[in-house]
Amino acid sequence: MTEHRWLDDAAAWALGTLDEAERAAFEAHLADCELCRSAVQEYGAVTRLLDRMKPAAPPPGLRERIVAEAARTRPGASPSAGRRWVSLAMAATLAAIVLGSLWVRERQARRRGEDALAAADRSLLDTRAALAERDSLLATFAGPDVRTATLVTTGAGPAVRLFWNRSMSRIVIAASGLPTAPAGRTYQLWGIAQGSNPVSLGTFDPGTDGRATLALNVPPGMDFALAAVSEEPAGGSPQPTTTPILAGAWRASE
Amino acid sequence: MPHLVQESDRTDEVLISRMAAGDERALGALYDRHGGAAFAVAHAVTGDAADAEEAVTDAFMQVWRGASTFDAARGTVQAWLITIARSRALDRVRTVSRRRRLLESAAAGDAEGLATPLSSPGEQPDRAPERAETAVLVRRSLEALPAEQRRVVELAYFGGLSHSEIAAALEEPLGTVKTRARSALEKLRAWLQPLMTETG
């Protein structure tokens, strides 16, 4: 196509992006210019194909979800806790295989059903209080319905042993060899039920000796198949934002 | 489509100032005005309704939280929102494409549920597959454009921004933006020629 100073406007006209004055000027020109009439037809054929990509309408309820989320977050505040781990239809069968791979950055993902996460966050607060009662750790280790998980990484590295007393809805973490998280970062424990999003079980930080022993409350009624630890921004994340450093499956305690 | 730029901008700016004061009803009104365009841009970028929805939510939340920082001298509210929606959609594409690669490599041949064919209500059912196939080809062509050309088409055609709004938002000369749009359309025309019919 030969160069013609109006052709840019012909494309803009087809895209519908000329302002009123430009549009009037171009349409006046169009009446006298066969080249531009031909160009407009060709560009119009392209935009009709682009129309095929236009979605019908935003999903119903999106407006309400946005407004509701805004009502919880005043301007200037940090984002609310609810974020969505996009559900993966095949996660049930693949979880064990691709667990590590599935921990993708989901900072942008928001969640509709935030109740489970809110419960996890509340349990985190409860946990802080519970930590004062170290004695209760001992109780967690014992009982008829205790499951354990040993979280491992490849090669030499930190070891994390978990004790989950299902009757008490409580997990005790016993970690060793964990390097101190970088400034502004923390470790976060996740429980993963088959086919579901990871659920935050709380954050923790090892001492200078690389050890951490603490109890975290578990939302009741959970049936996690897997557990994992990832490094997250201080305060924890609603959903994992980094690849886990440790992962393992829950087993019945011997 | 007429651009009633000044009146529209004034309405948006009022809404933004109400949002800055914490009025979430103003956010709802802003959504009523531009939610469709934001969703169209996000959908054009991600090709997936659920991902587009997440991106649009993120964009409106970003505008909500940043309402007090809006500076009319740097562009219109719509341009601000639409460019943010596109950025958040790109964020999602990066994570989604990685996730899909992993899933598809882990479960080759069983990717049911991951593909999202495009369709619209009221469409004749027997036309839907053909239309979806066309949409995929169009999408791939759009993705094959140089990034700066693709950006202009997405912001202009799907986001409904004028060339001057895009130029302001990208801080690029108006002529450059227009030329990019034309180059994009000419490439698309060449690539998509087989799909074009006399009747359109």
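See the values below:
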| read-out | value |
| --- | --- |
| Which numbered condition residue A:241 misses (of (1) farther than 19 Å from residue A:252 by Cα; (2) over 25 Å from the mean Cα position of the chain (by Cα)) | (2) |
| Any hit, region B:158-167, residues being more than 18 Å from the chain's Cα centre (by Cα), at pLDDT 90 or above and at negative phi | no |
| Sole exception among (1) part of a strand (DSSP E or B); (2) more than 16 Å from the chain's Cα centre (by Cα); (3) at pLDDT 80 or above for residue A:232, by number | (2) |
| Matching residues, region B:17-69, being under 20 Å from residue B:143 (Cβ atoms) and not in a helix (DSSP H, G or I) | B:47, B:48 |
| Residue B:88 in a helix (DSSP H, G or I) and modelled with pLDDT under 85 | no |
| Residue count for region B:18-52, restricted to those that are surrounded by fewer than 24 Cβ atoms within 10 Å (Cβ to Cβ), on the phi < 0 side of the Ramachandran plot and within 9 Å of chain A (Cβ to nearest Cβ) | 10 |
| Any hit, region A:45-53, residues being free of Cβ contacts under 8 Å to residues at least 60 places away in the same chain and over 21 Å from residue B:45 (Cβ atoms) | yes |
| Per-region count, region B:47-81, residues hydrophobic (A, V, I, L, M, F, W, C) and touching a residue at least 60 places away in the same chain (Cβ under 8 Å) | 6 |
| Of the criteria (1) at pLDDT below 85; (2) within 19 Å of the chain's Cα centre (by Cα); (3) surrounded by 18 or more Cβ atoms within 10 Å (Cβ to Cβ), which one residue A:66 fails | (1) |
| Candidate set from region A:214-229 (those that are under 21 Å from the mean Cα position of the chain (by Cα) and assigned to a loop (DSSP other than H, G, I, E, B)); member that is surrounded by the fewest Cβ atoms within 10 Å (Cβ to Cβ) | A:223 |
| Selected residue (criterion: surrounded by the fewest Cβ atoms within 10 Å (Cβ to Cβ)) from residues of region B:171-195 that are touching a helix residue (DSSP H, G or I) at 6+ places or on another chain (Cβ under 8 Å), among the polar types (S, T, N, Q) and more than 7 Å from chain A (Cβ to nearest Cβ) | B:176 |
| Subset of region A:174-191 [part of a strand (DSSP E or B), of a type in the set (A, V, I, L, M) and modelled with pLDDT of 85 or more] | A:189 |
| Cβ-Cβ under 6 Å pairs, at least 6 apart or on other chains, region A:162-175 side within 15 Å of residue A:229 (Cα to Cα), far side at pLDDT 80 or above and among the basic types (Lys, Arg) | A:174/A:161 |
| Single residue of A:158, A:219, A:206, A:198 found to be under 30 Å from residue B:94 (Cα atoms) and either modelled with pLDDT of 80 or more or not basic (Lys, Arg) (or both) | A:198 |
| Residue check for residue B:155: surrounded by 20 or more Cβ atoms within 10 Å (Cβ to Cβ) and either at negative phi or modelled with pLDDT of 90 or more (or both) | yes |
| Region A:30-63 - residue that is assigned to a loop (DSSP other than H, G, I, E, B) and within 8 Å of chain B (Cβ to nearest Cβ) and, of those, surrounded by the most Cβ atoms within 10 Å (Cβ to Cβ) | A:58 |
| Residues within region A:184-213 that are farther than 17 Å from residue A:245 by Cβ and surrounded by 15 or more Cβ atoms within 10 Å (Cβ to Cβ), tallied | 6 |
| Check on residue A:181, crowded, with 21+ Cβ neighbours inside 10 Å and not basic (Lys, Arg) | no |
| Region B:171-200, residues that are free of Cβ contacts under 8 Å to residues at least 40 places away in the same chain and aliphatic (A, V, I, L, M) | B:174, B:177, B:181, B:184, B:185, B:190, B:196 |
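The values are calculated or read from the model by the stated rules, or taken from the named source; none is laboratory data. As the structure is a computational prediction, the values presented were derived from the model and not from experiment. Please note: Cβ atoms are built from the backbone with ideal geometry, for glycine as well, and neighbour counts cover all protein chains shown.
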